[in-house]
Amino acid sequence: MGHPLWIMGAIFHQVPLFSVGLQYGVRNLLFSAFLSLSCVLVLNGITHALVYGLFFVGPCFLITFQALRHHTSAKNKVRWYPSGRIVAYLTAYIVGLTVLLSSALLLGDNLQVLQQALSKGLAQYNKNVEALYQPFIAQLVLILPAFFASFLFILTLINAIFAQNILEKFKCNIRPTPTMGEFELPWWPWWSIAGLGVLAFFGKGGIELISLNVLGALLNAFLMEGLAIIHIYATKYEQRNLFLWIFYTLMVVFGWLALPVLIVGIFEPWLNLKERFGKI
């Protein structure tokens, strides 16, 4: 509809689902998910319901299920499932969706149809702009699944964090909020990025297209690894929260700041910055 309130509602529409799951458990989340899927099915049909379930309800269920996993040690201390592994599971799920979307682009004339749709959208504003950006559109379509995967990854995490913070404020959360200082990815993303880099460089046709998009989707996990380093570094300041607010604001305004954070996250096993900053 284009109204700002509806746009905000669309962006944060996973918050109620996360709130139910992180407060009452997975069983109640499944019931809420069934209700939301039923509403989408009745209002928009089975296709929209399947898309909604696959791209939005699925990640929500995965994060909630993993976040509430825990075990009790011999000293009756509750150990929750590590946040880094939760993000790794979400990354694997998003990678699977990226493979699905990339494969769909290769079927029939989907590439040409999508390119024409973007070109027509630009032509509505200025026909000269359409001709100028035609080569750019042709390249953009090829990596569109990676852009969508990154958007879905970030949006899902924002909704989950927002819901957890609301529940914690009202003391309704089951799991204590994990700190970014405890964040640590398992090793498989590093092995995967190495293999995908080889496939993207030497692959041809469909293999190259899928590898590039999966590689783009995988980089989101390393961005989180880099942000964990920033959070540990921020502990050296008395005004830690102010430092983080300024940093995130600058990163949103100047998008290129995400690049050094990403690079640091990729090379963290060799730089070992978490341990170094933790000793400061």
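One table, with the values for the structure above:
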{"item": "Qualifying positions in region 191-210 - part of a helix (DSSP H, G or I) and farther than 30 Å from Tyr248 by Cα", "result": "Gly195, Val198, Leu199, Ala200, Phe201, Phe202, Gly206, Ile207, Glu208, Leu209, Ile210"}
{"item": "Asn241 being in contact (Cβ under 8 Å) with a residue 60 or more places away in the chain and among the polar types (S, T, N, Q)", "result": "no"}
{"item": "Within region 1-95, helices (runs of 4 or more DSSP H) holding 1 or more residues that are farther than 17 Å from Gln164 by Cα", "result": "4-11, 26-44, 46-52, 58-67"}
{"item": "Lone unmet requirement of (1) assigned to a helix (DSSP H, G or I); (2) in contact (Cβ under 8 Å) with a residue 60 or more places away in the chain; (3) among the acidic types (Asp, Glu) for Glu184", "result": "(1)"}
{"item": "Evaluation of Leu5 against (1) surrounded by 12 or more Cβ atoms within 10 Å (Cβ to Cβ); (2) of a type outside the set (S, T, N, Q); (3) closer than 21 Å to Leu152 by Cα (one fails), failing number", "result": "(1)"}
{"item": "The one condition in (1) over 17 Å from Ala217 (Cα atoms); (2) surrounded by 16 or more Cβ atoms within 10 Å (Cβ to Cβ) that Glu184 fails to fulfil", "result": "(2)"}
{"item": "So Ile137, is it more than 22 Å from Ala228 (Cβ to Cβ), crowded, with 16+ Cβ neighbours inside 10 Å and either β-branched (Val, Ile, Thr) or at pLDDT below 80 (or both)", "result": "yes"}
{"item": "Region 52-90, subset within 15 Å of Ile158 (Cα to Cα) and of a type outside the set (A, V, I, L, M, F, W, C), residue surrounded by the most Cβ atoms within 10 Å (Cβ to Cβ)", "result": "Thr64"}
{"item": "Count - residues of region 207-230 that are farther than 30 Å from Gly278 by Cβ and touching a Ser or Thr at 6+ places or on another chain (Cβ under 8 Å)", "result": "5"}
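Conditions tested, residue by residue: (1) modelled with pLDDT of 90 or more; (2) buried (at least 16 other Cβ atoms within 10 Å of the Cβ); (3) part of a helix (DSSP H, G or I); (4) out of contact with any Phe, Trp or Tyr (no Cβ under 6 Å at 6 or more places or on another chain).
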site	(1), (2), (3), (4)
Ala217	yes, yes, yes, yes
Lys236	no, no, no, yes
Tyr248	yes, no, yes, yes
Val264	yes, yes, yes, yes
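The values are calculated or read from the model by the stated rules, or taken from the named source; none is laboratory data. It should be emphasised that the depicted structure is a prediction, and the values quoted were computed from it without experimental measurement. Here the Cβ is made from the backbone with ideal geometry for all residues, glycine too, and neighbour counts use every protein chain on show.
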